[in-house]
Amino acid sequence: MKLKSLLFSIFLIVYLSTLIGNVVIIILTKIDHHLQTPMYYLLRNLAFLDICYTSTILPQMLVNLLIEHLAISLPACIIQLFLFLSLAASESSLLAAMAYDRYLAICNPLLYHSIMTSKMCWILTLGSLLLGFLACSFSIGLIAQLNFCGSKIINHYLCDISPVINLSCDDISTVELIDFITALAVLISSLVLVIISYVYIISTIKNVPSDRGWKKAFSTCASHLTVVVLFFGTTIFMYARPQAIDSFDSNKVLSVLYSFIIPMLNPLIYTLRNSDMKISLSTMFSFNAVSSKA
């Protein structure tokens, strides 16, 4: 009981920190006119995705820690699995879109504003969501048609692919293969786009004459690159490898990283490593301090 209370407190702090951090990013990029650019528009949508992403898991998990033997129905489990995977796939596509934005800003600055219009930002955002949800629809449809028998205790803290399909009494080899191919296609295609963008970015900033100009150009990418390494490093190892079903315990640790820790760290990464965000944040707090004194 003490362990459950401790875990509840830890994950409640993580969830509240994730909500507060990402809401702050949404507010800052919405009210500060200096942050009314395509890069921060995409960042605002990333923050919104992180809120939705963690909210599909953590509230249910917190309730489970409070109530003994709380059951989740099969339809609710499938819905959680669908939302969780679709939002993760959408985030991978959005990170690729953000890399494309940085590529245009650094490699083609004269064309940047003519290409990255409000319409293009909408297309990239909605396209990322559409791709994410469509990519997961077929495999989740196959999982929903499986017959489940025997033990119905999920060996995980959320409805993830491997622990769910492992409860089925049907042959799951086809479902496993399709899930693997889908995850590989979604994650690797997004990562390839990110890598190509950064190859062009690095080749461009290498030709910047001054060290100061090189550092200024790369500083706009540092936060995004950090998030990319954390997100793709964990998700590819989790989903884009065969026989992921055989390592539940290690999967639980990794899933804590990409489902809880990374969404909580993203706001810190983007504020602490981004000078524009730090200036906007300090300005907002300074304004609030002056207003309270007045």
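For the stretch 232-243, does any single residue satisfy the condition of being open to solvent by less than 70 Å² (accessible area, probe 1.4 Å), modelled with pLDDT under 70 and either part of a helix (DSSP H, G or I) or out of contact with any Cys (no Cβ under 9 Å at 6 or more places or on another chain) (or both)?
Scanning the stretch 232-243, I find at least one residue that is open to solvent by less than 70 Å² (accessible area, probe 1.4 Å), modelled with pLDDT under 70 and either part of a helix (DSSP H, G or I) or out of contact with any Cys (no Cβ under 9 Å at 6 or more places or on another chain) (or both), so the answer is yes.
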Within the stretch 8-39, considering residues that are crowded, with 16+ Cβ neighbours inside 10 Å and polar (S, T, N, Q), the one farthest from the chain's Cα centre (by Cα): T37
Where in the stretch 40-155 are there helices (runs of 4 or more DSSP H), lying wholly inside it, with at least 3 residues that are among the charged types (D, E, K, R) and open to solvent by less than 50 Å² (accessible area, probe 1.4 Å)? 74-107
Flag if L257 is part of a helix (DSSP H, G or I) and at pLDDT 80 or above: no
Could you pull out the residue among S189, S197 that is open to solvent by 50 Å² or more (accessible area, probe 1.4 Å) and at pLDDT 75 or above? S189
Name the pairs: first residue in the stretch 176-203 and more than 16 Å from Y103 (Cβ to Cβ), second residue basic (K, R) and not in a helix (DSSP H, G or I), Cβ to Cβ under 9 Å, at least 6 apart or on different chains? F180/R241; A183/R241; L184/R241
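The values are calculated or read from the model by the stated rules, or taken from the named source; none is laboratory data. As the structure is a computational prediction, the values presented were derived from the model and not from experiment. Using ideal geometry, Cβ is built from the backbone for each residue, glycine included, and neighbour counts are taken over all protein chains shown. We work out accessible area using only protein heavy atoms, side chains counted, and drop any ligands, DNA or RNA first. Shrake-Rupley method; radii C 1.70, N 1.55, O 1.52, S 1.80 Å.
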